[in-house]
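We did not get these values from a lab; they are worked out from the coordinates using the rules stated. Since this is a predicted model, take the numbers as computed values, not measurements. When we count neighbours, we look across all protein chains shown, and the Cβ atoms used for this are built from the backbone with ideal geometry, even at glycine.
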């Protein structure tokens, strides 16, 4: 990519886009689809005009004994969650392994276009029964925003990951009148990583996470 000079505001915008991409898929895309389907009027354009385009590349998915076909899984992990939420909430499989998910974003801020890529490596869900995975792990997540900075983050894992419960939190599946707290995950672990920008190199370690999370 051709080197470019940005203001602090522009640098923060592109890096924020990269970070948001890492947490917005698939939930963020699903929420956007849900709002759009309801015909909600979009907010007024702000003085700082921003446009973003995001693409997703998933070279392969290894689904073992899955009751959801690969095409549907690919659609889900590409952000098309609303139409497939019920299928994901009822997922049963010996394992789902995705070696690589690459999200590429092009962001235009005040007329200047920048690019960023977020790569997830070795996403594995194991022993999944009716929407709950005995374990979920992600080997690494890397971000590359060119001259604006880059980051590498280490392994993440959790046990008892209740996929249906998460979808219920977003209102994407019928919670069936659920009023009691239910466990969303246990044994959460995240080793942190490092982030490098033109002005600094900083290690980053997450705050000590709760051992489990519960929600209605």
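Between residue 74 and residue 189, the modelled label-to-label distance comes to 3.3 nm, taking each label 7 Å out from Cα in the direction of the beta carbon. Annotation: extensible slack from residue 57 through residue 119 equals 21.4 nm (criterion: 0.36 nm per residue apart, minus Cα-Cα distance). Multiplying the residue separation of residue 112 and residue 196 by 0.36 nm and removing their Cα-Cα distance gives an extension gain of 28.1 nm. Length, then width, then depth: along the principal axes, the Cα atoms of the stretch 53-176 run 46, 27, 24 Å.
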